[in-house]
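Here is the structure we will look at.
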Amino acid sequence: MANRTLPSLCCFVALLPSLSQAALYITIVQGLGGQPEYDSEFTESREKIEAASHSMTAAENISSFNGESASRENLLKHFADITARMNEDDRAAIYLVGHGSFDGETYKFNIPGPDLSDTDLKNILENFPGQNHFLVNTSSTSGAMLESIVGEGEEASNPDYIIVSATRNGNERNSTHFGRFFADALTNEEADLNKNSTVSIEEAFDFATRSVESYFEEAGRLSTEHAQLRGDGAAQFSLSRLSEIQIESENPVINDLLQQRLALDAEIENLQLRRNQMSNAEYIQQLQALVLRSAELSERIENQQGSAAP
């Protein structure tokens, strides 16, 4: 049955427009800890984020900065470089793990040498081509950055990007717990509420928010941080795949097909994120093409696995 279906499936796919594969560029920045316990916590969070990122995109699209490499000069050059590489369909995700400060006017993310300011971060986001970019800032006072970039009020947002801050505003100055819980969510099945083996921005945010609330309740203290999420598409933007591809080292054909299906999953997610940027007819046509390609790949994988079985 499967072999009779495959030729017609391939012919139909060939008649549909080809779809360029969008890339996801991920940048992780670990700021200054100031104390050994914070250095250790930030390092652990960065490493969890790095591991999760490798389930989402090619290794060459993942950049991680810590210590002296996390200077403002290096970071601004890095973002200028990836901006030049990106096209309108590509997406960027930025993780800021560390401490922040706010003097009543300017927010700063603390790194070696001159800090990254809210203006720097706003310029980085605004220079990215296309839409559906993501920034999460886990630092204290990070709510001031949020207000600087999208404005004040719970409804304030920008259609080009999704932003998460660990605090409500610049007055929440205590070191936050949100960051370590957000990093935990990327490898925790409990965060995957819809059980699709991926963790979205919304799921990671909800998991971390619940964990922060539980932490303060168990400690019998009033919460000193209130995380915020702004922007559309947080439920569709995946940050981690919990079920990694099983590499068939003895069958490179199957392994190649599995890698193709992983890339196709990313294309489907990117299309869903761009749903409001196209007509309904165009969206359905492109979605049908991707679904058919997915069916074709699944069929080929099953056939290969069947022929490889003893």
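Derivation of every value follows stated rules applied to the coordinates shown; laboratory data play no part. Please read these numbers as outputs of a predicted model, since none were measured by experiment. In this analysis, Cβ positions are derived from the backbone assuming ideal geometry, glycine residues included, and neighbour counts consider all displayed protein chains.
Comparing mean-square fluctuations of R91, R230, R293 from a GNM of the chain with C-alpha springs under 10 Å, the top value falls on R293. Using C-alpha pairs under 8 Å with a sequence gap of at least 6, the mean separation divided by the residue count of the stretch 24-241 gives a relative contact order of 21 percent.
Residue exposure proxy: K122, K195, K48, K108, ordered by other Cβ atoms within 10 angstrom of their Cβ from fewest to most, comes out as K195, K122, K48, K108.
Around the amide H of I162, modelled in the peptide plane, lie the amide H atoms of H133, F134, L135, all under 5 Å away and 5 or more residues distant in sequence or on another chain.
Loop-only check: which GluC sites (Glu not before Pro) in the stretch 170-260 are DSSP coil with at most 13 other Cβ within 10 angstrom? Sparse-neighbourhood loop GluC sites (Glu not before Pro): E244, E250. The translational diffusion coefficient of the chain, from Stokes-Einstein at 4 °C and 1.567 mPa s with a Kirkwood hydrodynamic radius over alpha carbon pairs, comes to 62 µm²/s.
Ordering L290, L239, L257 from the fewest to the most neighbouring beta carbons within 10 Å gives L290, L257, L239.
Here the stretch 57-142 is treated as a sphere whose radius is the Kirkwood value from Cα pairs; by Stokes-Einstein at 37 °C and 0.692 mPa s it diffuses with a coefficient of 241 µm²/s. Taking amide H atoms as placed 1.01 Å from N in the peptide plane, the amide H of L239 lies under 5 Å from those of V199, S200, I201, each 5 or more residues away in sequence or on another chain. Thinking of the stretch 137-226 as a set of Cα atoms, what percent of all their pairs are more than 21 Å apart? Across the stretch 137-226, Cα pairs with separations above 21 Å total 35 percent. Report the GluC sites (Glu not before Pro) located in the stretch 42-140 that are in a DSSP loop and have at most 16 other Cβ atoms inside 10 Å of their Cβ, or state none. When the GluC sites (Glu not before Pro) of the stretch 42-140 are filtered for loop state and at most 16 Cβ neighbours within 10 Å, E88, E105 remain.
Working from Cα positions, state the angle (0 to 90°, nearest 10) between the long axis of helix 280-308 and the longest principal axis of the chain. With both axes taken from Cα atoms, the answer is about 70 degrees. Ordering L76, L222, L125, L135 from the fewest to the most neighbouring beta carbons within 10 Å gives L222, L76, L125, L135.
Helix 2-15 and the longest principal axis of the Cα set of the chain meet at an angle near 70°.
Between amide H atoms placed 1.01 Å from N, distances below 5 Å from H99 occur with G31, L32, N110, all of them 5 or more places distant or on a separate chain. Counting only alpha carbon atoms, the long axis of helix 252-273 and the longest principal axis of the chain meet at about 60°.
Working note: 222 nm ellipticity from helices only, DSSP H runs with n ≥ 4, each -39,500 (n - 2.57), summed and divided by the residues of the chain, gives -15500 deg cm²/dmol to the nearest 500.
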